[in-house]
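Working notes for the structure below.
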Amino acid sequence: MAVETIAVGAEGVYRPQHDSWLLIDALVRSEVVAGRQVVDLCAGSGVVAVAAAHLGASSVLALDISPNAVRCTQANAIAAQVEVEARLGSWVQALERDPFDIVVCNPPYVPVGPDTEAGSIPSAGPMASWDGGPDGRLVLDPLCASAGTLLADGGCLFLVQSEFADIERSLTMLRDGGLDAGICAGQRIPFGPVLRSQAGWLRHAGLLEAGRTDEEIVVIRADRR
Ligand SMILES: C[S@@+](CC[C@H](N)C(=O)[O-])C[C@H]1O[C@@H](n2cnc3c(N)ncnc32)[C@H](O)[C@@H]1O
């Protein structure tokens, strides 16, 4: 599947980037999606949800707090001729549904300093798509705490995040929730405009040594056995 061809961006919607492609690649390699019920918790353009549908998911629910993202997901699903139920709302709405076989998420995970203003990095898409709060864990913490509830028996979570948002903490939380968690993919990428803007904050937090201009992103896979 040529995944690069399935995403169409839109004004005010996170444009698929390295993390999107790394997550999709992990899904493709896992070979666990066909015939399974999938939820994409932070859908954005819908690129991951559409990829899951292409991989033969029996159903795909896509959630996002941005109306533009929901419209974009719907448009991309129609363009790709696949079924995706795109809904406006926080990822926590997934907890109100029956558990899912596959949970995918590319959440906002960048640690963001207090002086950062919305709209200050126009090329980076909406701030809500990357602003993970002061430690990057605004969504990661509650999501890792709830993952066991979101997953059906035999299900698995695929979650992408940066080294700067404490990968070990995600792994520990997922394991504490009874899941079998590990890193299934990783990539070192150069800083984009968002990380460049937060370099001072990351140094202040002791997360970034002077002169470094790249970050490791990983996909965490957590299985409910
Ligand atoms: C990094 S983008 C990922 C988009 C897409 N999945 C991708 O991989 O390209 C994160 C998305 O999460 C959405 N988002 C932020 N907080 C959310 C929340 N609490 N619940 C659901 N979506 C949220 C943002 O609007 C944004 O579209």
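Miscellaneous remarks
- Share antiparallel - DSSP beta bridges, the chain, percent rounded to 5: 50 percent
- Sorting the segments 64-77, 201-214 by their residues' average number of neighbouring beta-carbon atoms within 10 angstrom, most packed first, yields 64-77, 201-214.
- The Cα-based radius of gyration of the chain, divided by its Kirkwood radius, gives an Rg/Rh of 0.94.
- Amide proton proximity set for Glu215, modelled H, under 5 Å, gap of 5+: Ile189, Phe191
- Fraction of accessible area attributable to carbon and sulfur, the chain (%, probe 1.4 Å): 50 percent
- Bins of 10 Å, starting at 0 and running to the largest distance - Cα pair percent for the range 116-212: 13, 40, 32, 13, 1
- The protection proxy used here, the mean number of other Cβ atoms lying within 10 Å of each residue, ranks peptides 45-58, 136-149 as follows, highest first: 45-58, 136-149.
- Alpha-carbon centroid distance for the pair the range 66-143 / the range 182-207, whole angstrom: 19 Å
- The chain - percent relative contact order, Cα under 8 Å, separation 6 or more: 19 percent
- Gly113 long-range amide H proximity, modeled H, under 5 Å: none
- Debye intensity ratio in log₁₀ form over the Cα atoms of the range 152-193, taken at each q of 0.19, 0.23, 0.33 Å⁻¹: -0.66, -0.87, -1.36
The values are calculated or read from the model by the stated rules, or taken from the named source; none is laboratory data. Only a predicted model underlies this, so the values are computations on that prediction, with no experimental measurement involved. For neighbour counting, all protein chains shown are included, and Cβ atoms are generated from backbone atoms with ideal geometry for every residue, glycine included. When the accessible area is computed, the model is the full protein with side chains, heavy atoms only, and any ligands, DNA or RNA have been set aside. Shrake-Rupley method; radii C 1.70, N 1.55, O 1.52, S 1.80 Å.
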